[in-house]
Amino acid sequence: MKSTGDRAYIAPAKSVEWSTPQAFFEFCEREFGEFDLDAAASPTNTKCDCYYTRGDDSLAQDWPGSVWCNPPYGRRLREWVAKAEGVVHLEATQVVMLLPARTGVRWFHDIFGRSGVTVYFVKGRLKFGDGDIPAGFDSIVLKFSMFDHAFRVGSIEKQGGEWKIAYEDA
């Protein structure tokens, strides 16, 4: 954070793309099952054999099977969340998304409380890609599933070097 006289200034990120931490992705696969598609990747950071890049326009593509999605965290984030919700029950069995925890935005309120949705608040800040410095924002994991018929809230945190999930109702 920089000081600009009497006001604080937080420099914007240089990119809206944040590469999923490998250990966190592996935890998600253990928890949610193997993913068939990485819906927002590049050839250098993909987590699945099948993936879409920016040039593929993932939002215009089919998302079959079990889908992992860590989309760009820019202005179109609401479209990514709407796409994920829309494909479950049609072509995807589940979509698991890694997102910034922006609880005051419309897309968050649009999905909060809906059946088939689980919101996991990640305790602590993730270190994206190969970074050593935690992100300047909190994260959530959002899961849309055709098999879940209730809304759930949980948390994900690192305990003793291992990622763990706890549910609000547990």
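A few remarks follow.
- Sequentially through the range 119-136, phi angles give Karplus couplings (6.51, -1.76, 1.60; θ = phi - 60°) of 10, 10, 8, 7, 7, x, 9, 6, 9, 6, x, 9, x, 9, 10, x, 4, x Hz, Gly and Pro residues having no value and appearing as x.
- Remark on the chain: hydrodynamic radius 16.7 angstrom, per the Kirkwood mean of 1/r across alpha carbon pairs.
- Relative to the longest principal axis of the Cα atoms of the chain, the long axis of helix 22-32 makes an angle of roughly 30 degrees.
- In units of the compact-protein estimate 2.2 N^0.38 Å, the range 46-112 shows a Cα radius of gyration of 1.08.
- Per residue, the chain reaches -4500 deg cm²/dmol at 222 nm when only DSSP H runs of four or more residues are counted, each adding -39500 (n - 2.57).
- Between Tyr73 and Glu17, Trp18, the built amide H atoms are under 5 Å apart, and every one of these is 5 or more places off in sequence or on another chain.
- Antiparallel bridges, percent of DSSP beta bridges restricted to the chain (to nearest 5): 60
- For the range 151-160, backbone phi angles converted through the Karplus equation (6.51, -1.76, 1.60; θ = phi - 60°) give residue-by-residue couplings of 8, 9, 10, x, 9, 10, 8, 8, 10, x Hz, Gly and Pro being listed as x.
- Surface accessible to a 1.4 Å probe, per residue, for the residues of the chain, Å²: 57
- Calculated P(r) of the range 90-170 - Cα pairs past 18 Å, %: 46
The values are calculated or read from the model by the stated rules, or taken from the named source; none is laboratory data. The structure presented is a predicted model; accordingly, all values stated were derived computationally and were not measured. To get the accessible areas, we keep the full protein, side chains included, count just its heavy atoms, and leave off ligands, DNA and RNA. Shrake-Rupley method; radii C 1.70, N 1.55, O 1.52, S 1.80 Å.
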